[in-house]
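First up is the structure itself, then whatever we jot down about it.
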Amino acid sequence: MSKYLNAGQTKVKKSRWWLFFLLLFLYAAAFLGAAYYGLKYLWSYLESYEASRPKIALNAYLDNLTDEHICDMGMAVAAQVDTSLQSEEECRAVILEAISGGVTHAKKSRECTDTRQVYVLRSGGQVIGEFAIESGAADEYGFTPWSLVSESFDFSFLIGDTVSMTAPSDYIVSVNGHQLGSEYIIEDNIIYEEIAEYYEDYEMPYRVTYEAGPFLGQLEITAADPDGNPATFDENTDWSRFYHNCTEDETKALDEFTEEFVARYVAFTGSNKNTRYGTYDKVIEYVVPGSDLATRLKAAIEGLQFGQSRGDEVVSITAHHQMRLEEGRYICDVTYEVDTTGKEGVVRTSTSAKLIIVETDAGLKLESMNIY
């Protein structure tokens, strides 16, 4: 009988161990569950507490404030520039260069309250934008979390003024390497004042004024001649070199012609009765046959007074303008000085004249002469 009793007691002990482990597992599970939810609650509580501190929201914003983000937000300034000559990539490059020295922040204390803080952003001492953080409604723990509510960037300080340049009409004008088209011309057909009187009768050179901008960054306006050679134009520019268009050989030929003609003309106008016809024959060699000037010179023979001088000497000839009006036709604006010896001694006179000289089969000839 004890044999069966012992067997029953063994079964009871085994069933109690199973129950023990089950209860232990349930206890451990309950403990872990309570710990998990407790820790989760604590973590959530701590997160809520951290979010209620403005410094956390401030640091979170600054940690994510990259140059690319600033550039993206600041690209609104590109709407104010001439993007046909300055690409979006070039605008971005200018902005990135402007903040390459780093970005700092500072609180705008006068605009801050218990629930709002405002900060400015600077780069190199220049204000580039601002942002604000605010505390919201209380959460389940009674904390008021802070978060970013606004940010803005302003790079308008990078916008340069428009630039302009006046140049000969056939010159190439560029800004930062971009060639300006006719749409950038704000004034055309600008005459050269010194030769204004010739525009009505001849095809004369003109100037034009270009204007471009605004742009981001430093602007450089440049010019080049039709062959690509750089040129500079400013208040000190000697514009005469653009209408004094004769070659070196043409200039030399015109100088020699003018010098000889003036000498013969002075001899003709200062000759006495006995020499006028001889001097006329010499001066007429330099005049276009049949021209109005040739007719007037011949008619002047009888009108000239008897010479009272003992001699006329050309002292100097100064060429003011020597221009090619068209192929084979030139204008020379000259002043010549003459010393005339008479009863009262030597008298110096100065005469200015505009000479129209043409190329003929017989060489250079004078077509017209206008003394002024």
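When you look at LEU297, is it crowded, with 16+ Cβ neighbours inside 10 Å and not in a strand (DSSP E or B), yes or no? The answer is yes for LEU297. In summary, PHE157 fulfils each of the numbered conditions (1) out of contact with any helix residue (DSSP H, G or I) (no Cβ under 8 Å at 6 or more places or on another chain); (2) part of a loop (DSSP other than H, G, I, E, B) with the single exception of condition (2).
Return a yes/no flag: does region 94-107 have any residue that is within 20 Å of the chain's Cα centre (by Cα), under 30 Å from SER182 (Cβ atoms) and either in contact (Cβ under 8 Å) with a residue 60 or more places away in the chain or part of a helix (DSSP H, G or I) (or both).
Pass one, region 94-107, residues within 20 Å of the chain's Cα centre (by Cα): 94-95, 97-98.
Cutting the leftovers down to under 30 Å from SER182 (Cβ atoms) gives us 94.
Next, only the ones that are either in contact (Cβ under 8 Å) with a residue 60 or more places away in the chain or part of a helix (DSSP H, G or I) (or both) stay: 94.
Taking every residue of region 94-107 in turn, at least one turns out to be within 20 Å of the chain's Cα centre (by Cα), under 30 Å from SER182 (Cβ atoms) and either in contact (Cβ under 8 Å) with a residue 60 or more places away in the chain or part of a helix (DSSP H, G or I) (or both).
Are any of the residues in region 166-180 among the hydroxyl-bearing types (Ser, Thr, Tyr), over 27 Å from the mean Cα position of the chain (by Cα) and more than 16 Å from PHE242 (Cα to Cα)? No; the residues of region 166-180 include none that is among the hydroxyl-bearing types (Ser, Thr, Tyr), over 27 Å from the mean Cα position of the chain (by Cα) and more than 16 Å from PHE242 (Cα to Cα).
Select from region 338-365 the residues that are among the acidic types (Asp, Glu) and loosely packed, with under 14 Cβ neighbours inside 10 Å and write down the one among them that is nearest to SER291 (Cα to Cα). Before the answer, list the steps.
Initial filter on region 338-365 (among the acidic types (Asp, Glu)): 339, 344, 359, 361.
Add one more test, that the residue is loosely packed, with under 14 Cβ neighbours inside 10 Å, and what stays is 344, 361.
Values: GLU344: 38, ASP361: 16 Å.
Among them, the one singled out is ASP361.
Does region 72-92 contain at least one residue that is touching a Lys or Arg at 6+ places or on another chain (Cβ under 9 Å), β-branched (Val, Ile, Thr) and either part of a loop (DSSP other than H, G, I, E, B) or not assigned by TED's automatic domain parsing to the domain that holds PRO230 (or both)? Checking region 72-92: not a single residue is touching a Lys or Arg at 6+ places or on another chain (Cβ under 9 Å), β-branched (Val, Ile, Thr) and either part of a loop (DSSP other than H, G, I, E, B) or not assigned by TED's automatic domain parsing to the domain that holds PRO230 (or both).
Scan region 208-220 and tell me whether some residue there is touching a Cys at 6+ places or on another chain (Cβ under 6 Å) and touching a residue at least 60 places away in the same chain (Cβ under 8 Å). Yes, region 208-220 has at least one match. ASN176 meets each of the listed conditions (1) at pLDDT 90 or above; (2) not assigned by TED's automatic domain parsing to the domain that holds ARG92 apart from (1). Among the residues of region 73-87, the ones that are surrounded by fewer than 17 Cβ atoms within 10 Å (Cβ to Cβ) and under 17 Å from the mean Cα position of the chain (by Cα) come to 5 in all.
Somewhere in region 346-360, is a residue part of a loop (DSSP other than H, G, I, E, B) and within 14 Å of PHE257 (Cα to Cα)? Please lay out each step first, then the result.
Pass one, region 346-360, residues part of a loop (DSSP other than H, G, I, E, B): none.
Looking through region 346-360, none of the residues is part of a loop (DSSP other than H, G, I, E, B) and within 14 Å of PHE257 (Cα to Cα).
Applying the criterion of being within 22 Å of MET204 (Cα to Cα) and buried (at least 17 other Cβ atoms within 10 Å of the Cβ) to the residues of region 325-337, the residue that is farthest from the chain's Cα centre (by Cα) is VAL334.
Of the residues making up region 338-362, those that are over 48 Å from the mean Cα position of the chain (by Cα) and not hydrophobic (A, V, I, L, M, F, W, C) are ASP339, THR340, THR341, GLY342, LYS343, GLU344, GLY345, ARG348, THR349, ASP361. Tell me, yes or no, whether region 119-140 has at least one residue that is within 30 Å of SER368 (Cα to Cα) and part of a loop (DSSP other than H, G, I, E, B). Among the residues of region 119-140, not one is within 30 Å of SER368 (Cα to Cα) and part of a loop (DSSP other than H, G, I, E, B), which makes the answer no.
Evaluation of GLN117 against the conditions (1) over 17 Å from the mean Cα position of the chain (by Cα); (2) crowded, with 18+ Cβ neighbours inside 10 Å; (3) at pLDDT 95 or above shows that the sole unmet condition is (3). Look at (1) closer than 18 Å to GLU260 by Cβ; (2) touching a residue at least 40 places away in the same chain (Cβ under 8 Å) and you find that THR340 fails only one, number (1).
Here ILE357 meets each of (1) modelled with pLDDT under 90; (2) closer than 30 Å to ASP238 by Cβ with one exception, condition (1).
Which of the residues spanning region 161-172 are closer than 11 Å to ARG207 by Cβ and of a type in the set (A, V, I, L, M)? MET165, ALA167, listed by residue number. Considering region 179-232, and only residues there that are among the small types (Gly, Ala, Ser) and part of a strand (DSSP E or B), the residue that is nearest to THR166 (Cα to Cα) turns out to be ALA223.
Please enumerate the residues belonging to region 247-269 that are in a helix (DSSP H, G or I) and of a type in the set (Ser, Thr, Tyr). Within region 247-269, THR251, THR258, TYR265, THR269 meet the criteria.
Comparison of VAL288, VAL266 shows that the only residue that is over 27 Å from GLY311 (Cα atoms) and either surrounded by 15 or more Cβ atoms within 10 Å (Cβ to Cβ) or at pLDDT below 95 (or both) is VAL288.
The values are calculated or read from the model by the stated rules, or taken from the named source; none is laboratory data. Computed from a predicted structure; not experimentally measured. Quick reminder, even Gly has a Cβ in these numbers, built from the backbone with ideal geometry, and neighbours come from all protein chains shown.
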